[in-house]
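S.K.: First the structure, then my questions, so here it is.
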Amino acid sequence: MDDLAYNKTAGQGHKNDVQAEAEADIKMTFTNIREGHEFNCIEECTEDTSSIFARRIDKDKLKLKDFRTYWESGKRPPGTPTKDSICGYKGISISRYQTSSERSAVMANFMQQVALSPAYRKFLAEIQFKPGCGMTKHTPTTNDASHHDFYKCDSFDVNNVTCINVTPL
Amino acid sequence: MFEIKKHKIISPGIHAITSGFKVLFNDGDNDTIYIGKNKFDNFILGVIMGESDDEEDEIEFVRYMHVLLTPRDYMSFFSGRITLLELLRLSDFFFIIDKNPSGEEISSDIVTLEDLPAEYWPRANSYCPDFAIQASNLYCVSLHGGLANDHLSLPEEMSLINSKISNFISKTLGSLTPVGVIGRVYSQAPLAGSFKLNYRIELQDSNRLSLFYTDEKNIYNYVQNLLRYIIIDLPKEATGLLSPTSSDTSPALERLSGDLEKMYIEAGAPIKGNLQTNVKNNIKRSISESVEQLSGIESVMSFDDLRISNITDNQFEQPLGELKTDYYDSVHDKLISEHDLKSTLIEQDLKPRLYNILVINFSIDTGTGRAIFNIDGIDNQAIKIRINVAGRTSYENTPFTESLHKKKVISVEGIATRHNGIVKTISFQLDAKALVVE
């Protein structure tokens with residue numbers, strides 16, 4: 001399999017021919033993610049179109065800039081590049097929750113940040129990804145078990161995201 | 001006398017972090033809280049304020065505030081006693097730093113809180129976020145005031161402090177015994193050139209199963225919160241709160257109880273009776289035993305206070321608070337009395353149980369000796385205990401002498417006496433069944 005192109009069944013094992021044929025049209029490429037380093041960031045990723053993800057944004061409406069990566073901002077990881085550091089800069093940080101208690105934990109985390117920096121990204125967008133726009137990987141941190149990286153495919157557009165809710169924090 | 005011009009001079013670079021830069025939290029896009037020191041060795045706290053607006057600003061930037069902190073401000077903020085808003089109100093000025101998207105500084109200005117639009121003011125609850133700092137098993141104690149300010153100390157006092165603080169930290173682990181965790185506190189060599197005492201907690205799984213159920217991270221957080229309670233909250237608590245018979249509580253004690261209760265449940269701790277009462281009593285006991293270790297600290301003359309910090313996973317020195325030399329006296333009447341601590345702690349098996357022991361010392365005349373208990377991890381702890389054997393006039397050619405001579409673990413029925421849940425002595429009756437393990 002070409003490591004730059006994944007169809008939506010990646011990471012889900014074998015599917016039957018009918019399903020594979022039906023899904024073949026949603027093929028994603030990740031040339032932008034692959035560029036500039038030697039690591040395969042898409043490895044171990046899955047396409048998650050059912051979970052709700054949260055991300056702090058600066059306006060009450062989602063825009064493409066809200067999905068800009070560290071790498072696209074011109075930042076590069078310090079020190080010797082590793083897969084984790086490079087891929088962290090190539091992905092977008094999002095928090096995933098599937099239950100109300102997970103949502104509460106994520107919100108509690110956000111609200112502590114808001115108390116210190118109330119004017120920084122003062123809205124919370126709750127989103128779902130549409131098929132064929134990118135892949136996610138669970139990348140928990142010591143202070144955020146819900147943390148995921150989202151890797152945009154080359155054709156990613158903000159219209160690929162379903163905005164469920166935007167709430168002022 | 002010459003005249004001094006009344007102009008405002010701020011040394012160039014006073015706002016900039018030049019050493020010890022540590023990011024405490026990055027939200028995935030930006031460093032949102034960080035700490036470091038400027039070229040004058042002042043602490044600087046950096047907090048994100050916002051980003052440029054595509055529609056209003058010509059260039060793209062991220063805006064931060066840099067706040068100069070005195071060592072006391074630093075301790076107050078990171079030990080959760082003061083908010084960022086209060087810090088700014090106490091500061092005559094602070095700095096606004098704009099950075100380009102790749103993190104390089106593009107401008108800096110000096111401001112006061114009143115210069116900021118109200119929407120940029122930190123909120124009334126702007127405490128240091130707990131998620132920004134993950135407790136570790138490393139603690140550091142620095143001495144301040146008196147001789148310590150000259151980097152001196154009397155050797156006998158230093159030795160006393162080292163031992164007292166080590167026991168003080170160690171006793172906080174007592175309430176974790178039902179979780180199956182026992183621990184030791186080691187002194188660790190300090191960094192070259194520093195006048196600090198360092199301690200490391202090493203956890204052991206007493207029944208070799210429970211750590212599987214109890215995340216070490218939760219244990220370290222709990223120990224840190226317990227120490228913070230002792231240092232900061234206990235002096236403010238009502239007298240009588242820690243009494244085992246008191247049903248009074250406080251918000252700070254409730255938080256600790258909630259954390260410990262969760263660990264007890266996760267680990268399936270063997271609790272008799274009401275779980276919440278047990279949890280609270282174990283915390284109260286642990287606090288009292290821990291603080292008792294500080295008795296006598298008021299007699300030291302070479303310093304005025306001790307500052308205790310946790311060295312977090314990202315090597316940040318997170319202050320928990322300071323212990324003045326009169327601390328023990330100020331809280332002594334709130335502790336469970338030594339008499340209550342001892343008299344309520346001793347428990348004995350109601351009927352003989354099978355124990356695995358390895359005898360290491362034994363008198364065939366008196367039937368007394370010492371043994372290592374729990375070689376096979378069947379019961380509670382792998383520790384040295386006393387054994388008392390009764391029922392004969394001589395104890396030669398018994399399973400106990402066989403264990404001693406052949407270095408063999410034996411499984412024998414006896415009655416254990418526990419102090420604070422820890423087996424201290426096992427008594428055996430040789431009339432009872434005694435089986436040598438093959």
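The values are calculated or read from the model by the stated rules, or taken from the named source; none is laboratory data. All figures in this text were calculated on a predicted structure; none of them were measured in a lab. All Cβ positions, even for glycine, are placed from backbone atoms using ideal geometry, and neighbour counts span all protein chains on display. Surface accessibility is based on the protein's heavy atoms, side chains included, excluding ligands, DNA and RNA. Shrake-Rupley method; radii C 1.70, N 1.55, O 1.52, S 1.80 Å.
S.K.: Does the range A:149-166 contain at least one residue that is closer than 25 Å to B:Gln134 by Cα and away from chain B (no Cβ under 12 Å)?
M.R.: So far as the range A:149-166 goes, no, none of its residues is closer than 25 Å to B:Gln134 by Cα and away from chain B (no Cβ under 12 Å).
S.K.: Of these, A:Ser85, A:Ser73, which one is within 10 Å of chain B (Cβ to nearest Cβ), hydroxyl-bearing (Ser, Thr, Tyr) and out of contact with any Phe, Trp or Tyr (no Cβ under 8 Å at 6 or more places or on another chain)?
M.R.: After ruling out the rest, the residue left standing is A:Ser73.
S.K.: Let me ask you something else. Got at least one residue in the range A:60-68 being in contact (Cβ under 8 Å) with a residue 24 or more places away in the chain, over 23 Å from B:Lys99 (Cα atoms) and crowded, with 16+ Cβ neighbours inside 10 Å?
M.R.: The answer is yes; a qualifying residue exists.
S.K.: So, in the range A:97-138, how many residues would count as being farther than 13 Å from A:Phe53 by Cβ and within 16 Å of the chain's Cα centre (by Cα)?
M.R.: Qualifying residue count for the region: 2.
S.K.: Another question about this same structure. As an exercise: evaluate A:Gly132 against (1) in contact (Cβ under 8 Å) with a residue 60 or more places away in the chain; (2) within 14 Å of another protein chain (Cβ to nearest Cβ) and give the number of the one condition it does not meet.
M.R.: Only one criterion in (1) in contact (Cβ under 8 Å) with a residue 60 or more places away in the chain; (2) within 14 Å of another protein chain (Cβ to nearest Cβ) is unmet by A:Gly132, namely (2).
S.K.: Sort through B:Ile17, B:Ile9 and tell me the only one that's modelled with pLDDT of 90 or more, over 24 Å from the mean Cα position of the chain (by Cα) and in a loop (DSSP other than H, G, I, E, B).
M.R.: Every option except B:Ile17 fails the conditions.
S.K.: Continuing with the same structure: Taking the criterion of being open to solvent by 40 Å² or more (accessible area, probe 1.4 Å), within 14 Å of another protein chain (Cβ to nearest Cβ) and in a strand (DSSP E or B), would at least one residue in the range B:67-76 satisfy it?
M.R.: no
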